[in-house]
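The block underneath contains the structure these notes are about, expressed in C-alpha cells.
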Amino acid sequence: MDELRNIGIFAHVDAGKTTLSEQMLLKAGSIRTLGSVDRGTAHTDSLEIERRRGISVKASCVRLNWKGVRLNLIDTPGHTDFSAEIEESMWALDGAVLVICGVEGVQPQTELLFDTFARNKMPVILFLNKMDRPGADAGNVLRQIHKRLSRHAAMVSDAEGMLEAVADLDEDVMMRYMDGEEIKPEEIRERFRRLALEGKVFPVLKGSALLGEGTEEVLDCAASFLPAPSAHGENLSGVVFASEQDKILGRGLWVRLYGGHLCARQSMDLPGRLDPVTGEHAVVAQKISQIRDVNGKDVGELLPGEIGIVYGLGHLPVGHVFGKEEDLPRYIHPGSFRTPLLMVKAEPEQPDQMEALRKAAMELSEEDPLLQAEYFRTLGELRFHVMGMIQQEILEDMLKTRYHLNVHFSKPAVMYRETIEHETIGFAAYTMPKPCWAVMKFEIRPGRRGSGIRYHSEVPSRLIADGYQHQIEQALPLALKQGRLGWPVTDLEIVLVDGNHHQFHTHPLDFIVATPWAIQDGLQRGGSVLLEPILEIRLLLPPDCVGRVMSDVAGMRGTVTDTQADDERVTLIALVPLSESMDYATTLASLTSGRGGMSVRLHGYEPCPKELGKTCPRRGVDPLDTSRYILAARSALEGGIFDLD
C-alpha cells in the first residue's frame, strides 16, 4: 500500500480543478490529448449531461501512475449544488488537493472545504491556480490562507516559510532556531513532510493548470506529502461512496475498502427491511457478481486501501458502511457539508407516468440521499429536496435522458422548520379499541437554536419495558417529520417522564402508534414558532456599488456583519433570509455590470413572522384526529414501520 495514494481534487466552482486533473493525467501519460471542460471533452466528466453542459455533476475516479506511485484521483464537482458528491468523496480519500484561484483568492467554498478537511484531520496540498491571469498575486493569496485557513501553510519553494511552520509545532526545531543554529534545507523539508502527512502543516504550490505549469510539482507533492492508505486489520471495513449504472451488470457500487477483502462470487449477509418489533434489519444474503478496478478492468478482488466497483449488491444505498462506522477513519454524515434548503414538486408530462417517475426518484435518492424524494399518496405529489436551480436543471435533464421522462418542476420553495414557543407536556393514552395499551407522557422544552432534537427517558423498565422504549425512540423521527405548521420540527429537548404498558393488552406495535400522537399533542400545547433559513452571504464589490448593496441587504431583512476593503474591492458579509435573496445573484450581476460576485452558505435558522413565511400542507392523517389516525396507522403497520403518506 506504500505505492498507492487515494486523493481528491476540490475547489470553489471555476477555480480550475478539472483542468488540473486533465493536466495530471496528461503529464502521467494516462491520456494523449488534453480534455476541456468548456468543449465537453474532459476525461473525468463521463456523463453525457456533464459533456453537454460543461459542468461536473458527479465525482469521478481515474487512475494514473507517477514515478512508481499509483494515484487514484477523484475529481469532485465544484458547484455547491452537488455538495453530496463532495461529502461522499471524502469517505474514500486519504488526502486532498485544494485548488485556489490566484485571482479570487480564498472564497467561502474554499473555507468550508478546508474546515471539513481540518475537522477530519485529512492532509491537504494547496494549489494556487491561474497564476497566468492578470491580477493573480500569490503573496496576497498566501496571506489570505494564513488569515482564513491556517497559519501553518507554506510555499514548498520557500525554505524559510517551511521552517517557520515547522518551528511553530516542533519544540526541538524552535529551540535550535532560537539558538541561532543553522538547520539544513533537507532537514526542514523532511520535518515539514512528516507534519504534512499528519495534516498539521499544508504545502502550497502555484502555477497554471491551463498552461500545465506546476502540474508536475502537484504530482510530486501528492506522492511525497500525502499519505498511503494505512492498514485497518482483517475485519471487513469499507464504505459505498458512489454508484453507477452498467447496461449489463446493473447497478455498480464504488467502494473504498479499509480492512478485510471482497471477492467476486462472495456471499454476504446484508441488512434488509427494518423489523418494527425488534428494531433490527432483516438479514438478506447476496452474492457479489463482479469486481472492477478504477479503470474498469475485471479484477475479481478488492484489497485494503483500494477503490473498486462492486456489482451484485445493487440495493445498498450510497453511504452504506461495511463493518462498523466507528472503524472508518472518517464518515461525514450526509448534509454535514451543506443541506438542501429548497423543495420542488415534480409532475410527469403524461399523468400515467407518475409511477415510473416515483421509481426513478427513489433510485436517484439511493444515489444521492440528500435529494430525499418523497411521494405523498394523499396529495398525489412527488417532491425533491434540492440545493439550487443548477441541480434542478440537471435533475430534469437526467430524468429525460436516463429514464425518458419529461418532467415539469414547480418554482423552488423554501423549506422552513418549526419549533415550540414554550415548555409543555405531550400525552397519549392509546387504550381503545382493544387489544391495545400504550400510555406515555413527554416533557417537551424549547432547545437552543441549532441544537436539533435531544431525547432521553426517565421512565423505568417496570413501567415501560425496554423493548417498547426502544420503539418510542425509533418512532420519534417519524413523529417530528412535520409539526403543526407542516414543517420538520427541530431544537427540542424531549424527556419521557411517565407512562405504562399492559401485561396482556399491549400489542408489540402500540408504542409506535402512540408516539406521534403524544408528540403532536405536545406541539399543539407548546405553540408553534416558524424558523426560516438564514444565509451568510459574502459579496465582492467595486467600491462605487457598496452603498446600493447595503441598502439592498436592509431591504431583504438582512444585516451587514462585516466589511473588508483593499485597493480594488470591498468584501461585504451579510446575514439575509433565503426567501428574500434567492434571485439576488442576478440583481448583483446587473448592478455591478458583472464586476461583483457573491457566494453563500447556511448560517442557521431563526424565527420568522408567520405572515412572512409559509405553512406546508399536512401529509397524511393528523394524529390528533385520533379515530382516523388509529385506523390508518394500524393498517399501515401491516407493512412495517408506517408512514401514512
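The values are calculated or read from the model by the stated rules, or taken from the named source; none is laboratory data. These numbers come from a predicted model, not from an experiment. Don't worry about glycine lacking a Cβ; one is built from the backbone with ideal geometry, like all the others, and counts go over all protein chains shown. Only protein heavy atoms, including side chains, enter the accessible area calculation; ligands, DNA and RNA are left aside. Shrake-Rupley method; radii C 1.70, N 1.55, O 1.52, S 1.80 Å.
When you go through 484, 538, 569 one by one, which is the residue that is of a type in the set (Lys, Arg) and modelled with pLDDT of 95 or more? Spell out the reasoning first.
Numbers: 538 fails: modelled with pLDDT of 95 or more; 569 fails: modelled with pLDDT of 95 or more.
Answer to the selection: 484.
Pairing each residue of region 17-34 that is in contact (Cβ under 8 Å) with a residue 40 or more places away in the chain and within 13 Å of residue 62 (Cα to Cα) with any residue that is open to solvent by 10 Å² or more (accessible area, probe 1.4 Å) and among the aromatic types (Phe, Trp, Tyr), provided the two are 6+ apart or on different chains, yields C-beta distances under 6 Å for 28/66. Is it true that some residue in region 386-396 is crowded, with 17+ Cβ neighbours inside 10 Å, at pLDDT below 95, on the phi < 0 side of the Ramachandran plot and assigned to a strand (DSSP E or B)? The answer is yes; a qualifying residue exists. Within region 228-242, the only residue that satisfies the criterion of being of a type outside the set (A, V, I, L, M), at pLDDT 85 or above, part of a loop (DSSP other than H, G, I, E, B) and buried (at least 18 other Cβ atoms within 10 Å of the Cβ) is 229.
Restricted to region 421-493, the set of strands (runs of 3 or more DSSP E) holding at least 2 residues that are in contact (Cβ under 8 Å) with a residue 60 or more places away in the chain and either crowded, with 18+ Cβ neighbours inside 10 Å or touching a helix residue (DSSP H, G or I) at 6+ places or on another chain (Cβ under 6 Å) (or both) comprises 424-430, 438-446.
In region 94-116, which residue that is farther than 14 Å from residue 599 by Cβ and assigned to a loop (DSSP other than H, G, I, E, B) is most open to solvent (accessible area, probe 1.4 Å)?
Taking region 94-116 first, the residues farther than 14 Å from residue 599 by Cβ are 94-99, 102-103, 114-116.
Those still in the list that are assigned to a loop (DSSP other than H, G, I, E, B) too: 94, 102-103.
Values: 94: 18, 102: 2, 103: 50 Å².
The extreme case among them is 103.
Look through 340, 329 and report the one residue that is outside any helix (DSSP H, G or I) and either at positive phi or open to solvent by less than 20 Å² (accessible area, probe 1.4 Å) (or both). Give the derivation first.
Details: 329 fails: either at positive phi or open to solvent by less than 20 Å² (accessible area, probe 1.4 Å) (or both).
The unique qualifying residue is 340.
For region 191-220, the set of residues classified as of a type in the set (Val, Ile, Thr) and over 18 Å from residue 151 (Cβ atoms) consists of 215, 218, listed by residue number. For region 71-81, the count of residues that are at pLDDT below 90 and part of a helix (DSSP H, G or I) is at least one. Out of all the residues in region 117-124, is one or more open to solvent by 30 Å² or more (accessible area, probe 1.4 Å), touching a residue at least 24 places away in the same chain (Cβ under 8 Å) and part of a loop (DSSP other than H, G, I, E, B)? Among the residues of region 117-124, at least one is open to solvent by 30 Å² or more (accessible area, probe 1.4 Å), touching a residue at least 24 places away in the same chain (Cβ under 8 Å) and part of a loop (DSSP other than H, G, I, E, B), which makes the answer yes. Within region 202-214, residues that are among the charged types (D, E, K, R) sit with their Cβ atoms under 9 Å from residues that are open to solvent by less than 100 Å² (accessible area, probe 1.4 Å) and assigned to a strand (DSSP E or B), at 6+ positions apart or across chains, in these pairs: 206/127; 206/128; 206/129; 206/155; 206/213.
Comparison of 51, 32 shows that the only residue that is open to solvent by 60 Å² or more (accessible area, probe 1.4 Å) and at pLDDT 65 or above is 32. Candidates are the residues of region 258-268 that are more than 16 Å from residue 240 (Cβ to Cβ) and assigned to a strand (DSSP E or B); the one that is modelled with the highest pLDDT is 263. For residue 365, the criteria (1) in a helix (DSSP H, G or I); (2) surrounded by 20 or more Cβ atoms within 10 Å (Cβ to Cβ); (3) under 16 Å from the mean Cα position of the chain (by Cα) hold in every case but one, which is (2). Pairs linking a residue in region 133-152 that is free of Cβ contacts under 8 Å to residues at least 60 places away in the same chain and outside any loop (DSSP other than H, G, I, E, B) to a residue that is open to solvent by less than 30 Å² (accessible area, probe 1.4 Å) and of a type in the set (Gly, Ala, Ser), with Cβ atoms under 7 Å and 6 or more positions apart or on different chains, are 140/105; 141/102; 141/105; 144/105; 145/153; 146/153.
Quick check: is even one residue across region 200-213 of a type outside the set (S, T, N, Q) and assigned to a helix (DSSP H, G or I)? Spell out how you get there, then give the answer.
From region 200-213, those of a type outside the set (S, T, N, Q) are 200-207, 209-213; that's our starting set.
When the remaining residues are screened for being assigned to a helix (DSSP H, G or I), the result is none.
No; the residues of region 200-213 include none that is of a type outside the set (S, T, N, Q) and assigned to a helix (DSSP H, G or I).
Condition (residue is without any contact (Cβ under 8 Å) to a residue 60 or more places away in the chain and more than 16 Å from the chain's Cα centre (by Cα)) applied to region 325-342: is it met by at least one residue? Within region 325-342 (the criterion being without any contact (Cβ under 8 Å) to a residue 60 or more places away in the chain and more than 16 Å from the chain's Cα centre (by Cα)), the answer is yes, since at least one residue qualifies.
Of all the residues in region 582-638, those that are touching a residue at least 24 places away in the same chain (Cβ under 8 Å), over 22 Å from residue 386 (Cα atoms) and basic (Lys, Arg) number 3. Taking region 243-257 as the range and being surrounded by fewer than 20 Cβ atoms within 10 Å (Cβ to Cβ) and either part of a strand (DSSP E or B) or of a type in the set (S, T, N, Q) (or both) as the test, the residues that pass are 244, 245, 246, 250, 251. Can you find even one residue in region 513-528 that is within 30 Å of residue 340 (Cα to Cα), open to solvent by less than 50 Å² (accessible area, probe 1.4 Å) and in a loop (DSSP other than H, G, I, E, B)? Yes, because at least one residue in region 513-528 is within 30 Å of residue 340 (Cα to Cα), open to solvent by less than 50 Å² (accessible area, probe 1.4 Å) and in a loop (DSSP other than H, G, I, E, B). Being open to solvent by 60 Å² or more (accessible area, probe 1.4 Å), closer than 28 Å to residue 15 by Cα and of a type outside the set (A, V, I, L, M), is that true of even one residue in region 603-624? Scanning region 603-624 turns up at least one residue that is open to solvent by 60 Å² or more (accessible area, probe 1.4 Å), closer than 28 Å to residue 15 by Cα and of a type outside the set (A, V, I, L, M). Within region 344-359, not a single residue is under 23 Å from the mean Cα position of the chain (by Cα), modelled with pLDDT under 85 and surrounded by 16 or more Cβ atoms within 10 Å (Cβ to Cβ).
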